[in-house]
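A.B. asks: Here it is: the structure, laid out below.
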Amino acid sequence: MSGPGDLWLAGLAHEPSPNADERPAGYCVDLLVIHNISLPPGEFGGGYIADLFHNRLDPGAHPYFAAIAGLNVSAHLLIRRDGDATQFVALDRRAWHAGPSNHCGRERCNDFSIGVELEGSDDTPFSETQYVRLADLTRQIQALFPAITPQRIVGHSDIAPGRKTDPGPHFDWGRFHTQLAQVEWKRRHIGDT
Ligand SMILES: [Zn+2]
């Protein structure tokens, strides 16, 4: 019998974050939120993002870290520059990624969304392999949560305008949706491999 906290995707690392809790009763997960993150900002690689999601970021390791080390944040998934992915929160649980937010009049988007972080910044193109991995993981998420239609995949900046800018101008939505459609076509015509 399944219960809350069971939805972990296969084929990627699982590092359960303490920054998660139960979704409010009766909520339908029907939104996917795409973010970017890099720690320190603009630098890629290393384990600082995972450290942040596990409340173990060393505030002395970089001047920027002192301001954020006390935050309790997380995302369901992180896709690094090389496409390597880690899941931090079970998909049926609530991750703490969106903050104050509003989607079509509904506030507190964490309640009903899944958050995916792309390692990146507002100033840098994302890698080819990140688009491929994002489309693959999105397809898996949509299979579990069919209410997440392509139209219900948004950026953090869409639900927190004026406060957040990610995933930023370099995230190519057209490319992502094309990639996602290709993954779906292959699934229908060739089958899951
Ligand atoms: Zn964000």
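A.B. asks: Between 25, 61, 66, which is more than 13 Å from residue 115 (Cβ to Cβ) and outside any loop (DSSP other than H, G, I, E, B)? Full working, then the answer.
C.D. replies: Numbers: 25 fails: outside any loop (DSSP other than H, G, I, E, B); 61 fails: outside any loop (DSSP other than H, G, I, E, B).
Answer to the check: 66.
A.B. asks: Could you check segment 119-136 and list, in sequence order, the residues that are more than 14 Å from residue 157 (Cα to Cα) and within 16 Å of the ligand (Cβ to nearest atom)?
C.D. replies: Step one: list which residues in segment 119-136 are more than 14 Å from residue 157 (Cα to Cα), which gives 119-120, 123-136.
Matches in segment 119-136: 119, 120, 123, 124, 126, 130, 134.
A.B. asks: Just wondering, is there one or more residues in segment 77-96 that are in contact (Cβ under 8 Å) with a residue 60 or more places away in the chain and within 12 Å of the ligand (Cβ to nearest atom)?
C.D. replies: Yes: one or more hits.
A.B. asks: Within 26 Å of residue 146 (Cα to Cα) and not β-branched (Val, Ile, Thr), is that true of residue 75?
C.D. replies: On the way: within 26 Å of residue 146 (Cα to Cα): yes; not β-branched (Val, Ile, Thr): yes.
Spelling it out, residue 75 is indeed within 26 Å of residue 146 (Cα to Cα) and not β-branched (Val, Ile, Thr).
A.B. asks: Residue 101 versus (1) at pLDDT 95 or above; (2) out of contact with any strand residue (DSSP E or B) (no Cβ under 9 Å at 6 or more places or on another chain); (3) open to solvent by less than 70 Å² (accessible area, probe 1.4 Å): which is the lone unmet condition?
C.D. replies: Evaluating residue 101 over (1) at pLDDT 95 or above; (2) out of contact with any strand residue (DSSP E or B) (no Cβ under 9 Å at 6 or more places or on another chain); (3) open to solvent by less than 70 Å² (accessible area, probe 1.4 Å) leaves (2) as the failure.
A.B. asks: Can you tell me which of 44, 112 is more than 16 Å from the ligand (Cβ to nearest atom) and closer than 21 Å to residue 157 by Cα? Please lay out each step first, then the result.
C.D. replies: Numbers: 44 fails: closer than 21 Å to residue 157 by Cα.
That would be 112, the only listed residue that is more than 16 Å from the ligand (Cβ to nearest atom) and closer than 21 Å to residue 157 by Cα.
A.B. asks: OK, next. Looking at segment 36-54, can you tell me whether even one residue there is free of Cβ contacts under 8 Å to residues at least 24 places away in the same chain, part of a loop (DSSP other than H, G, I, E, B) and closer than 30 Å to residue 145 by Cα? Full working, then the answer.
C.D. replies: Looking only at segment 36-54, we keep the residues that are free of Cβ contacts under 8 Å to residues at least 24 places away in the same chain, and these are 43, 46-48, 51-52.
Among the residues that remain, those that are also part of a loop (DSSP other than H, G, I, E, B) are: 43, 46-47.
Applying the additional criterion that residues be closer than 30 Å to residue 145 by Cα yields 47.
Looking for residues that are free of Cβ contacts under 8 Å to residues at least 24 places away in the same chain, part of a loop (DSSP other than H, G, I, E, B) and closer than 30 Å to residue 145 by Cα, one finds at least one in segment 36-54, hence yes.
A.B. asks: Sticking with this structure for a sec: Residue by residue through segment 54-84, note down the ones that are crowded, with 21+ Cβ neighbours inside 10 Å and touching a Lys or Arg at 6+ places or on another chain (Cβ under 8 Å).
C.D. replies: 79
A.B. asks: How many residues, within segment 150-171, are more than 10 Å from the ligand (Cβ to nearest atom), in a loop (DSSP other than H, G, I, E, B), in contact (Cβ under 8 Å) with a residue 40 or more places away in the chain and open to solvent by 70 Å² or more (accessible area, probe 1.4 Å)?
C.D. replies: Going through segment 150-171, the residues more than 10 Å from the ligand (Cβ to nearest atom) turn out to be 150-154, 158, 161-162, 169-171.
Add one more test, that the residue is in a loop (DSSP other than H, G, I, E, B), and what stays is 161-162, 169-171.
This time we only want the ones that are in contact (Cβ under 8 Å) with a residue 40 or more places away in the chain, so: 169-171.
Going one step further and asking which of them are open to solvent by 70 Å² or more (accessible area, probe 1.4 Å), we end up with 169-170.
Qualifying residue count for the region: 2.
A.B. asks: Can you tell which of 179, 140, 130 is touching a residue at least 24 places away in the same chain (Cβ under 8 Å) and within 15 Å of residue 81 (Cβ to Cβ)?
C.D. replies: Numbers: 179 fails: within 15 Å of residue 81 (Cβ to Cβ); 140 fails: within 15 Å of residue 81 (Cβ to Cβ).
Within the list 179, 140, 130, the selection yields 130.
A.B. asks: Could you check how many residues of segment 34-53 are within 14 Å of the chain's Cα centre (by Cα) and either over 13 Å from residue 89 (Cβ atoms) or open to solvent by 30 Å² or more (accessible area, probe 1.4 Å) (or both)?
C.D. replies: Residues of segment 34-53 within 14 Å of the chain's Cα centre (by Cα): 34-38, 49-50, 53.
So of that shortlist, the ones also either over 13 Å from residue 89 (Cβ atoms) or open to solvent by 30 Å² or more (accessible area, probe 1.4 Å) (or both) come out as 34-38, 49.
Number of matching residues: 6.
A.B. asks: Further, regarding this structure: For segment 97-109, enumerate the residues that are within 16 Å of the ligand (Cβ to nearest atom), part of a loop (DSSP other than H, G, I, E, B) and farther than 17 Å from residue 52 by Cβ.
C.D. replies: Residues satisfying the conditions are 100, 101, 108.
A.B. asks: Can you find even one residue in segment 178-191 that is out of contact with any helix residue (DSSP H, G or I) (no Cβ under 8 Å at 6 or more places or on another chain) and part of a loop (DSSP other than H, G, I, E, B)?
C.D. replies: Yes, because at least one residue in segment 178-191 is out of contact with any helix residue (DSSP H, G or I) (no Cβ under 8 Å at 6 or more places or on another chain) and part of a loop (DSSP other than H, G, I, E, B).
The values are calculated or read from the model by the stated rules, or taken from the named source; none is laboratory data. Please read all numbers here as calculations on a predicted model, not as lab measurements. Cβ coordinates were reconstructed from backbone atoms using ideal geometry, including for glycine residues, and neighbour counts include every protein chain displayed. For the accessible areas, the whole protein counts, side chains as well, though only heavy atoms, and no ligand, DNA or RNA atoms are used. Shrake-Rupley method; radii C 1.70, N 1.55, O 1.52, S 1.80 Å.
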